[in-house]
Amino acid sequence: MRMLGRQLATARRAAGLSQSGLSAALNLNEETIASIEQGRRSLKPDIAELLDEYLGTKGTLAAGVANLPEVDQFPLWAEEYMDQEREAIALSWYDALVVPGLLQNEPYARAILQNRVPAYPEEKLETTLRLRLARQEILHRKHPPTLSFVIWEPALLLSVGSQEVRRQQLDFLREMTELPCVSLQVLPLSSPFHAGVDGPFTLLETPDHQHVAYTESQRGSQWVSDLDEVSILARKYAMLRTQALTPQDSVGLLDRLLGEQ
(Lines give C-alpha, C1' and ligand atoms only; values in the text may rest on other atoms or scores of the structure.)
Protein backbone atom coordinates (compact mmCIF):
# COMPACT_ATOMS: atom_id res chain seq x y z
CA MET A 1 0.00 0.00 0.00
CA ARG A 2 2.87 2.38 0.79
CA MET A 3 4.47 1.49 -2.53
CA LEU A 4 1.28 2.47 -4.37
CA GLY A 5 1.26 5.74 -2.45
CA ARG A 6 4.81 6.50 -3.54
CA GLN A 7 3.95 5.64 -7.14
CA LEU A 8 1.01 8.03 -7.05
CA ALA A 9 3.13 10.82 -5.57
CA THR A 10 5.82 10.30 -8.22
CA ALA A 11 3.26 10.36 -11.05
CA ARG A 12 1.58 13.46 -9.65
CA ARG A 13 4.85 15.38 -9.39
CA ALA A 14 5.88 14.25 -12.88
CA ALA A 15 2.64 15.81 -14.13
CA GLY A 16 3.55 19.07 -12.39
CA LEU A 17 0.62 18.90 -9.99
CA SER A 18 0.30 19.62 -6.29
CA GLN A 19 -1.96 17.50 -4.11
CA SER A 20 -4.50 20.31 -4.09
CA GLY A 21 -4.26 20.66 -7.87
CA LEU A 22 -4.87 16.96 -8.43
CA SER A 23 -7.75 16.86 -5.98
CA ALA A 24 -9.39 19.86 -7.66
CA ALA A 25 -8.94 18.40 -11.15
CA LEU A 26 -10.59 15.10 -10.21
CA ASN A 27 -13.03 16.46 -7.62
CA LEU A 28 -11.40 14.40 -4.86
CA ASN A 29 -10.79 15.49 -1.28
CA GLU A 30 -7.22 16.74 -0.84
CA GLU A 31 -6.92 14.77 2.41
CA THR A 32 -7.79 11.62 0.46
CA ILE A 33 -4.90 12.22 -1.94
CA ALA A 34 -2.51 12.96 0.96
CA SER A 35 -3.61 9.88 2.90
CA ILE A 36 -3.16 7.57 -0.11
CA GLU A 37 0.30 8.96 -0.86
CA GLN A 38 1.35 8.55 2.78
CA GLY A 39 0.06 4.97 2.88
CA ARG A 40 -2.58 5.80 5.48
CA ARG A 41 -5.52 5.00 3.21
CA SER A 42 -6.00 2.24 0.68
CA LEU A 43 -6.34 3.12 -3.00
CA LYS A 44 -9.72 1.99 -4.28
CA PRO A 45 -9.98 0.42 -7.76
CA ASP A 46 -12.28 3.12 -9.20
CA ILE A 47 -10.03 5.93 -7.96
CA ALA A 48 -6.96 4.08 -9.26
CA GLU A 49 -8.49 3.90 -12.73
CA LEU A 50 -9.41 7.59 -12.60
CA LEU A 51 -5.87 8.53 -11.59
CA ASP A 52 -4.31 6.29 -14.25
CA GLU A 53 -6.38 7.97 -16.94
CA TYR A 54 -5.67 11.52 -15.77
CA LEU A 55 -1.97 11.05 -14.99
CA GLY A 56 -1.25 8.86 -18.02
CA THR A 57 0.17 6.02 -15.94
CA LYS A 58 -1.23 3.38 -18.30
CA GLY A 59 -3.00 1.22 -15.73
CA THR A 60 -0.06 0.99 -13.34
CA LEU A 61 -2.01 2.06 -10.27
CA ALA A 62 -5.03 -0.11 -11.08
CA ALA A 63 -2.72 -3.11 -11.57
CA GLY A 64 -1.06 -2.39 -8.24
CA VAL A 65 -4.43 -2.37 -6.48
CA ALA A 66 -5.46 -5.61 -8.17
CA ASN A 67 -2.27 -7.35 -7.06
CA LEU A 68 -2.23 -6.32 -3.42
CA PRO A 69 -1.99 -9.37 -1.12
CA GLU A 70 -5.41 -10.68 -0.17
CA VAL A 71 -4.31 -11.53 3.37
CA ASP A 72 -2.04 -9.30 5.43
CA GLN A 73 -0.30 -10.00 8.73
CA PHE A 74 -2.61 -7.45 10.32
CA PRO A 75 -5.96 -5.86 9.46
CA LEU A 76 -5.61 -2.82 7.22
CA TRP A 77 -6.18 -0.19 9.90
CA ALA A 78 -3.83 -1.90 12.36
CA GLU A 79 -1.10 -2.08 9.72
CA GLU A 80 -1.50 1.61 8.97
CA TYR A 81 -1.39 2.37 12.69
CA MET A 82 1.92 0.56 13.13
CA ASP A 83 3.41 2.47 10.19
CA GLN A 84 2.40 5.74 11.85
CA GLU A 85 3.57 4.54 15.27
CA ARG A 86 7.08 3.99 13.91
CA GLU A 87 7.23 7.55 12.60
CA ALA A 88 5.40 9.42 15.38
CA ILE A 89 7.22 12.09 17.36
CA ALA A 90 4.69 11.91 20.21
CA LEU A 91 2.25 9.25 21.30
CA SER A 92 -0.40 9.29 24.05
CA TRP A 93 -2.03 5.96 24.84
CA TYR A 94 -4.95 5.09 27.14
CA ASP A 95 -5.72 1.43 27.87
CA ALA A 96 -8.23 -0.16 30.22
CA LEU A 97 -8.13 -3.96 29.92
CA VAL A 98 -4.51 -4.88 29.20
CA VAL A 99 -1.08 -3.28 29.38
CA PRO A 100 -0.42 -1.25 26.19
CA GLY A 101 1.31 -3.27 23.48
CA LEU A 102 4.44 -1.12 23.52
CA LEU A 103 4.93 -1.97 27.21
CA GLN A 104 4.27 -5.73 27.08
CA ASN A 105 7.05 -8.22 27.74
CA GLU A 106 7.22 -11.50 25.82
CA PRO A 107 5.46 -13.86 28.30
CA TYR A 108 2.60 -11.40 28.83
CA ALA A 109 2.21 -10.66 25.11
CA ARG A 110 2.19 -14.39 24.38
CA ALA A 111 -0.49 -14.97 27.03
CA ILE A 112 -2.63 -12.17 25.56
CA LEU A 113 -2.36 -13.63 22.06
CA GLN A 114 -3.09 -17.16 23.32
CA ASN A 115 -6.39 -15.90 24.74
CA ARG A 116 -7.63 -14.90 21.29
CA VAL A 117 -10.90 -16.48 20.13
CA PRO A 118 -10.76 -18.04 17.61
CA ALA A 119 -7.25 -19.20 18.51
CA TYR A 120 -4.29 -18.30 16.35
CA PRO A 121 -2.57 -21.19 14.55
CA GLU A 122 0.86 -21.68 16.17
CA GLU A 123 2.80 -20.20 13.25
CA LYS A 124 0.51 -17.14 13.09
CA LEU A 125 0.83 -16.64 16.85
CA GLU A 126 4.62 -16.68 16.71
CA THR A 127 4.70 -14.23 13.80
CA THR A 128 2.26 -11.86 15.49
CA LEU A 129 4.22 -12.05 18.76
CA ARG A 130 7.52 -11.29 17.00
CA LEU A 131 6.06 -8.29 15.22
CA ARG A 132 4.43 -6.96 18.39
CA LEU A 133 7.69 -7.09 20.33
CA ALA A 134 9.62 -5.54 17.42
CA ARG A 135 7.48 -2.40 17.78
CA GLN A 136 9.29 -1.65 21.05
CA GLU A 137 12.33 -0.61 19.03
CA ILE A 138 11.05 2.97 19.15
CA LEU A 139 11.53 3.02 22.94
CA HIS A 140 15.28 2.60 22.61
CA ARG A 141 16.15 4.89 19.71
CA LYS A 142 18.74 7.61 20.09
CA HIS A 143 15.89 10.10 19.57
CA PRO A 144 12.72 8.27 20.72
CA PRO A 145 9.26 9.79 20.53
CA THR A 146 7.68 11.33 23.61
CA LEU A 147 5.46 8.61 25.06
CA SER A 148 2.65 9.09 27.57
CA PHE A 149 0.56 6.19 28.89
CA VAL A 150 -2.51 6.14 31.12
CA ILE A 151 -3.55 2.67 32.27
CA TRP A 152 -6.68 1.85 34.26
CA GLU A 153 -5.69 -0.17 37.34
CA PRO A 154 -7.69 -3.34 36.43
CA ALA A 155 -5.23 -3.93 33.59
CA LEU A 156 -2.50 -4.35 36.22
CA LEU A 157 -4.58 -6.73 38.35
CA LEU A 158 -5.56 -9.13 35.57
CA SER A 159 -3.64 -12.43 35.89
CA VAL A 160 -3.29 -13.16 32.19
CA GLY A 161 -1.56 -16.54 31.78
CA SER A 162 -0.58 -16.96 35.42
CA GLN A 163 0.42 -15.03 38.52
CA GLU A 164 4.06 -15.43 37.49
CA VAL A 165 3.35 -13.90 34.08
CA ARG A 166 1.61 -11.01 35.82
CA ARG A 167 4.55 -10.50 38.19
CA GLN A 168 7.06 -10.48 35.34
CA GLN A 169 4.92 -7.98 33.43
CA LEU A 170 4.66 -5.66 36.43
CA ASP A 171 8.42 -5.86 36.86
CA PHE A 172 8.94 -5.08 33.17
CA LEU A 173 6.52 -2.17 33.39
CA ARG A 174 8.44 -0.83 36.37
CA GLU A 175 11.63 -0.94 34.28
CA MET A 176 9.95 0.92 31.44
CA THR A 177 9.11 3.82 33.80
CA GLU A 178 12.84 4.48 34.07
CA LEU A 179 13.11 5.35 30.37
CA PRO A 180 13.38 9.14 29.97
CA CYS A 181 10.96 9.13 27.02
CA VAL A 182 8.19 7.34 28.96
CA SER A 183 5.56 8.82 31.28
CA LEU A 184 3.27 6.25 32.91
CA GLN A 185 0.20 7.08 34.98
CA VAL A 186 -2.29 4.69 36.56
CA LEU A 187 -5.95 5.60 36.90
CA PRO A 188 -6.85 3.93 40.21
CA LEU A 189 -9.99 1.92 40.83
CA SER A 190 -10.76 4.28 43.70
CA SER A 191 -11.08 7.28 41.37
CA PRO A 192 -14.69 8.58 41.26
CA PHE A 193 -13.95 10.14 37.86
CA HIS A 194 -13.13 8.33 34.62
CA ALA A 195 -12.96 10.14 31.26
CA GLY A 196 -12.11 6.92 29.42
CA VAL A 197 -15.25 4.86 29.94
CA ASP A 198 -15.87 4.71 26.18
CA GLY A 199 -12.76 2.58 25.69
CA PRO A 200 -9.07 2.66 24.75
CA PHE A 201 -7.56 5.04 22.21
CA THR A 202 -4.22 6.40 21.05
CA LEU A 203 -3.23 9.90 19.95
CA LEU A 204 -0.27 10.44 17.62
CA GLU A 205 1.65 13.47 16.37
CA THR A 206 3.34 12.90 13.01
CA PRO A 207 6.73 14.35 11.99
CA ASP A 208 4.90 17.09 10.05
CA HIS A 209 2.83 17.87 13.18
CA GLN A 210 -0.46 16.38 12.08
CA HIS A 211 -2.56 15.08 14.97
CA VAL A 212 -4.45 11.84 14.43
CA ALA A 213 -6.01 9.18 16.64
CA TYR A 214 -6.62 5.46 16.57
CA THR A 215 -9.29 3.41 18.33
CA GLU A 216 -9.87 -0.33 18.64
CA SER A 217 -12.90 -2.40 19.58
CA GLN A 218 -14.07 -6.03 19.46
CA ARG A 219 -15.13 -5.74 15.83
CA GLY A 220 -12.41 -3.61 14.31
CA SER A 221 -10.28 -0.53 14.49
CA GLN A 222 -10.48 2.97 13.10
CA TRP A 223 -8.27 5.90 12.20
CA VAL A 224 -9.62 9.25 13.36
CA SER A 225 -8.36 12.24 11.38
CA ASP A 226 -11.34 14.60 11.62
CA LEU A 227 -10.05 17.56 13.63
CA ASP A 228 -13.16 17.83 15.78
CA GLU A 229 -13.05 14.14 16.70
CA VAL A 230 -9.31 14.21 17.40
CA SER A 231 -9.89 17.25 19.62
CA ILE A 232 -12.52 15.37 21.64
CA LEU A 233 -10.12 12.47 22.23
CA ALA A 234 -7.29 14.86 23.11
CA ARG A 235 -9.53 16.52 25.71
CA LYS A 236 -10.46 13.12 27.11
CA TYR A 237 -6.78 12.22 27.41
CA ALA A 238 -5.98 15.51 29.15
CA MET A 239 -8.79 14.82 31.62
CA LEU A 240 -7.58 11.25 32.19
CA ARG A 241 -4.14 12.59 33.12
CA THR A 242 -5.66 14.87 35.76
CA GLN A 243 -7.73 11.98 37.16
CA ALA A 244 -4.85 9.49 37.22
CA LEU A 245 -2.09 9.20 39.81
CA THR A 246 1.03 11.26 39.13
CA PRO A 247 3.91 9.39 37.46
CA GLN A 248 5.70 9.24 40.81
CA ASP A 249 2.66 7.87 42.66
CA SER A 250 2.05 5.42 39.80
CA VAL A 251 5.56 4.04 40.27
CA GLY A 252 4.74 3.72 43.98
CA LEU A 253 1.62 1.71 43.11
CA LEU A 254 3.67 -0.61 40.89
CA ASP A 255 6.14 -1.11 43.72
CA ARG A 256 3.32 -1.97 46.12
CA LEU A 257 1.78 -4.44 43.68
CA LEU A 258 5.19 -6.08 43.18
CA GLY A 259 5.65 -6.25 46.94
CA GLU A 260 2.41 -8.19 47.23
CA GLN A 261 3.57 -10.90 44.80
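Residues in region 122-154 that are among the aromatic types (Phe, Trp, Tyr) and more than 15 Å from the chain's Cα centre (by Cα): 1 in all.
Exactly one condition in (1) crowded, with 18+ Cβ neighbours inside 10 Å; (2) modelled with pLDDT of 95 or more; (3) of a type outside the set (A, V, I, L, M); (4) out of contact with any Gly (no Cβ under 9 Å at 6 or more places or on another chain) is not met by Trp152; state its number. All conditions pass for Trp152, except number (4). Taking residues in region 231-256 that are without any contact (Cβ under 8 Å) to a residue 60 or more places away in the chain and not assigned by TED's automatic domain parsing to the domain that holds Glu175, and partners anywhere that are part of a helix (DSSP H, G or I) and surrounded by 13 or more Cβ atoms within 10 Å (Cβ to Cβ), not one pair has Cβ atoms closer than 6 Å while being at least 6 places apart or on different chains. With respect to (1) surrounded by 13 or more Cβ atoms within 10 Å (Cβ to Cβ); (2) modelled with pLDDT of 95 or more; (3) β-branched (Val, Ile, Thr), the lone exception for Val224 is condition (2). Among the conditions (1) assigned to a helix (DSSP H, G or I); (2) in contact (Cβ under 8 Å) with a residue 24 or more places away in the chain; (3) under 17 Å from Ser92 (Cβ atoms), Val186 misses just one, which is (1). Scanning region 198-250 for residues that are part of a loop (DSSP other than H, G, I, E, B) and among the polar types (S, T, N, Q) yields Thr206, Gln210, Gln218, Ser225, Thr246. Scanning region 106-130 for residues that are out of contact with any Gly (no Cβ under 7 Å at 6 or more places or on another chain) and hydrophobic (A, V, I, L, M, F, W, C), we see that the one that is surrounded by the most Cβ atoms within 10 Å (Cβ to Cβ) is Ala109. Do we find that Arg13 is within 27 Å of the chain's Cα centre (by Cα), free of Cβ contacts under 8 Å to residues at least 60 places away in the same chain and either over 28 Å from Glu87 (Cα atoms) or surrounded by fewer than 19 Cβ atoms within 10 Å (Cβ to Cβ) (or both) in this structure? Answer is no for this residue.
Could you please give the count of residues in region 39-60 that are of a type outside the set (Lys, Arg) and over 15 Å from Arg13 (Cα atoms)?
12
Residues considered: Leu133, Leu204, Leu139. Of these, the only one that is free of Cβ contacts under 8 Å to residues at least 40 places away in the same chain, farther than 16 Å from Ser250 by Cβ and either among the acidic types (Asp, Glu) or surrounded by 13 or more Cβ atoms within 10 Å (Cβ to Cβ) (or both) is Leu133.
In region 50-61, the residues that are under 16 Å from Ser23 (Cβ atoms) reach residues that are assigned to a helix (DSSP H, G or I) and acidic (Asp, Glu) with C-beta atoms within less than 9 angstrom, at least six apart or across chains, in these pairs: Leu61/Glu49; Leu61/Asp52. Residue pairs whose Cβ atoms lie under 8 Å apart, sitting 6 or more positions apart in sequence or on different chains, and linking a residue in region 17-28 that is on the phi > 0 side of the Ramachandran plot and assigned by TED's automatic domain parsing to the domain that holds Tyr54 to a partner that is surrounded by 12 or more Cβ atoms within 10 Å (Cβ to Cβ) and not in a helix (DSSP H, G or I), do not occur here. The selection criterion, being over 20 Å from Val251 (Cα atoms), of a type in the set (Asp, Glu) and at pLDDT 95 or above, does not hold for Glu87.
The test for being of a type in the set (Gly, Ala, Ser), at pLDDT below 80 and surrounded by 14 or more Cβ atoms within 10 Å (Cβ to Cβ) does not hold for Ala96.
Residues satisfying the criterion are present in region 97-106 (criterion: assigned to a loop (DSSP other than H, G, I, E, B) and touching a strand residue (DSSP E or B) at 6+ places or on another chain (Cβ under 7 Å)).
The values are calculated or read from the model by the stated rules, or taken from the named source; none is laboratory data. Please read all numbers here as calculations on a predicted model, not as lab measurements. As a convention, Cβ positions derive from the backbone with ideal geometry for all residues, glycine included, and neighbour counts pool all protein chains shown.
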